[in-house]
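These notes are about the structure you will find just below.
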Amino acid sequence: MKLTSRSVSLAAMVSTVLASALGATLIVTGTASAATTLGAAAAQTGRYFGAAIAAGKLGDSTYTGIVNREFNMITAENEMKWDATERGRNQFDYTGGDRILNQALNNGKRVRGHALLWHQQQPGWAQGLSGSDLRSAAINHVTQVATHYKGKIYAWDVVNEAFADGNGGGRRDSNLQRTGNDWIEAAFRAARAADPNAKLCYNDYNTDGVNAKSTGIYNMVRDFKSRGVPIDCVGFQSHLTNGPPGDYQTNLQRFAALGVDVQITELDIAGSSQANGYATVTKACLAVSRCTGITVWGVRDSDSWRTGENPLLFDSNGNKKAAYTSVLNALNAGGTTVPGGDPGTTTTTTTTTTTTTTPPDPGSGDCTASVSLNAWNGGFVATVKVTAGSSGLNGWKVTTSLPSGTTVTGSWSTSGSGTTGTVVWSNVDYNRAVGAGQSTEFGFQGTGGSDGLSPTCAAA
Ligand code: 9MR
């Protein structure tokens, strides 16, 4: 039978429904056509494509039409910041933030929370505080806002722009910094306690290549990981002219190798090479499996904070620009798959994506391991969850059996004993300790099949 694009879609839908009903396996079979919106195109590789939006513009139907059609992740451009949410001390007002949140959630989109602590856009009363009074006000702010939005935020920018420009990778001076160097980790701990399911990000600008500032942040993330300070992601704002520096992808990759997700959080590109620049950024993210998505900082050129520079994907009338087409084409050309990412509704003609979750092994009593697979013809990404038993862990090993012909090509947050056959995966320093009943994740990717990995876990 000759399958039309329509009948392939139907077959995919049927298999998805059947698979969901069976509970264990989700199979999405490819359709013949490229995705026609940024969000759908990004979802093909498990990524999102988002925009920062303003509550005051939601009544503009051109604006809201583009937002609803194109993007599957939303950031509040200003409405969730400290000056907007806590105008008086301990007087919280979520009107604007909730409008953005509801606009997103009611239209099936996720939300990046921006930003819990920042030296700018603080309410006047906080600007006037210092020392332990400011520290407790700041931590209270993190706790209250993250609690209000608990369970509804994909990722929070917990701390924004805390590193200096031109200070050899050091911190920026600010009232928050003067409360003590540990203010950032205190904020991350408070955010984790308030909303354990939100990914917690550090977000900054001028960090797009390997430079002193990005290296300062890199060292902080590495330190946080080694000491168990909860951090899940790093945001690269990427306010650019013409395009990113040549080592943009290398820089994203070095952060990802620390065991955090990376995200492009505020992308806008001015200059005559804008369309190429957007393609370069998109391709770099697609090439890094832990680059989970891209957000542009505004919708139309007339919405941009960079007045007169026209740095966005839609012109002031809401028409798609060349930059839009170059992003869409780059997304449709595909890339690495995000482990555990959104599989989306469309895949390319040649790809079959299978996501399976193996139930946890019975374990030794010390710990259990389960694997979640994202596999296609010829390769896979495996994400392994290690869960401690009632005594907790101070070191662990997970054993997997790779089918014959399968070779591991990379791994993260672990060290593997080999690349074929029976492989023992050991903890690294920063995920050695796992509290009773708590979990940590590591992953590996490979070529070949991924049937029957059967992970088993033991304390080490
Ligand atoms: O786009 C935001 C603009 O509307 C505000 O006036 C400005 C206030 O500082 O903040 C802009 O967003 C910033 C973001 O929150 C953090 N990174 C830099 C962004 C552009 O200035």
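Among the candidates 404, 364, 413, 372, the residue that is farther than 23 Å from residue 294 by Cα and modelled with pLDDT of 90 or more is uniquely 404.
For residue 283, the conditions (1) under 21 Å from the mean Cα position of the chain (by Cα); (2) closer than 20 Å to residue 37 by Cα; (3) surrounded by 22 or more Cβ atoms within 10 Å (Cβ to Cβ) all hold with the exception of (3). Check the stretch 38-46 and report whether any residue there is among the hydrophobic types (A, V, I, L, M, F, W, C) and touching a His at 6+ places or on another chain (Cβ under 8 Å). There is no residue in the stretch 38-46 that is among the hydrophobic types (A, V, I, L, M, F, W, C) and touching a His at 6+ places or on another chain (Cβ under 8 Å).
None of 208, 182 is farther than 21 Å from residue 96 by Cβ and either buried (at least 21 other Cβ atoms within 10 Å of the Cβ) or in contact (Cβ under 8 Å) with a residue 60 or more places away in the chain (or both) except 208.
Against the definition (within 12 Å of the ligand (Cβ to nearest atom), among the β-branched types (Val, Ile, Thr) and at pLDDT 95 or above), how does residue 64 come out, yes or no? Break it down into steps so the answer makes sense when it comes.
Values: within 12 Å of the ligand (Cβ to nearest atom): no; among the β-branched types (Val, Ile, Thr): yes; at pLDDT 95 or above: yes.
Considered against the rule, which asks whether it is within 12 Å of the ligand (Cβ to nearest atom), among the β-branched types (Val, Ile, Thr) and at pLDDT 95 or above, residue 64 comes out as no.
Per the listing 134, 129, 58, the residue uniquely in contact with a helix residue (DSSP H, G or I) (Cβ under 8 Å, 6 or more places away or on another chain), farther than 29 Å from residue 164 by Cα, in contact (Cβ under 8 Å) with a residue 24 or more places away in the chain and among the aliphatic types (A, V, I, L, M) is 58.
Of the residues 340, 308, the single one that is within 16 Å of the ligand (Cβ to nearest atom) and either over 14 Å from the mean Cα position of the chain (by Cα) or not in a strand (DSSP E or B) (or both) is 308. Considering the stretch 324-337, and only residues there that are part of a helix (DSSP H, G or I) and under 23 Å from the mean Cα position of the chain (by Cα), the residue that is surrounded by the most Cβ atoms within 10 Å (Cβ to Cβ) turns out to be 331. In the stretch 253-263, the count of residues that are among the acidic types (Asp, Glu), within 16 Å of the ligand (Cβ to nearest atom) and closer than 20 Å to residue 39 by Cα is zero. Among the residues of the stretch 153-176, some residue qualifies, meaning at least one is closer than 23 Å to residue 292 by Cα, part of a loop (DSSP other than H, G, I, E, B) and away from the ligand (no atom under 15 Å from the Cβ). Criterion applied to 121, 91, 144 was being surrounded by fewer than 24 Cβ atoms within 10 Å (Cβ to Cβ) and in contact with an Asp or Glu (Cβ under 7 Å, 6 or more places away or on another chain), and the one residue passing it is 121. Taking the residues in the stretch 100-109 that are of a type outside the set (S, T, N, Q) and either within 16 Å of the ligand (Cβ to nearest atom) or part of a loop (DSSP other than H, G, I, E, B) (or both) as candidates, determine which candidate is nearest to residue 129 (Cα to Cα). Taking the candidates together, the pick is 100. Checking the stated criteria, residue 179 turns out not to satisfy the condition of being more than 16 Å from the ligand (Cβ to nearest atom) and under 19 Å from residue 80 (Cα atoms). Being out of contact with any Cys (no Cβ under 8 Å at 6 or more places or on another chain) and modelled with pLDDT under 95 is a property that does not hold for residue 38. Taken together, the residues in the stretch 427-460 that are of a type outside the set (Val, Ile, Thr), buried (at least 16 other Cβ atoms within 10 Å of the Cβ) and modelled with pLDDT of 90 or more amount to 6. The number of residues in the stretch 199-239 being within 20 Å of residue 311 (Cα to Cα) and among the charged types (D, E, K, R) comes to 2.
Per-residue answers, yes or no, for (1) of a type in the set (Gly, Ala, Ser); (2) modelled with pLDDT of 95 or more; (3) farther than 17 Å from residue 233 by Cβ:
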residue: 283; (1), (2), (3): no, yes, yes
residue: 291; (1), (2), (3): no, yes, no
residue: 297; (1), (2), (3): no, yes, yes
residue: 301; (1), (2), (3): no, yes, yes
residue: 314; (1), (2), (3): no, yes, yes
residue: 329; (1), (2), (3): no, yes, yes
residue: 333; (1), (2), (3): yes, yes, yes
residue: 347; (1), (2), (3): no, no, yes
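Within the stretch 230-260, being among the small types (Gly, Ala, Ser) and over 26 Å from residue 440 (Cα atoms) holds for 238, 243, 246.
Only one of the listed residues (9, 15) is outside any strand (DSSP E or B), at pLDDT below 95 and surrounded by 17 or more Cβ atoms within 10 Å (Cβ to Cβ). That residue is 9.
Restricted to the stretch 218-293, the set of strands (runs of 3 or more DSSP E) holding at least 3 residues that are among the charged types (D, E, K, R) comprises 261-270.
None of 200, 117 is within 16 Å of the ligand (Cβ to nearest atom), assigned to a strand (DSSP E or B) and at pLDDT 95 or above except 117.
The values are calculated or read from the model by the stated rules, or taken from the named source; none is laboratory data. Because the structure is predicted, anything quoted here is derived from the model rather than measured. Heads up, the Cβs are rebuilt from the backbone with ideal geometry, glycines too, and the neighbour counts pull from every protein chain shown.
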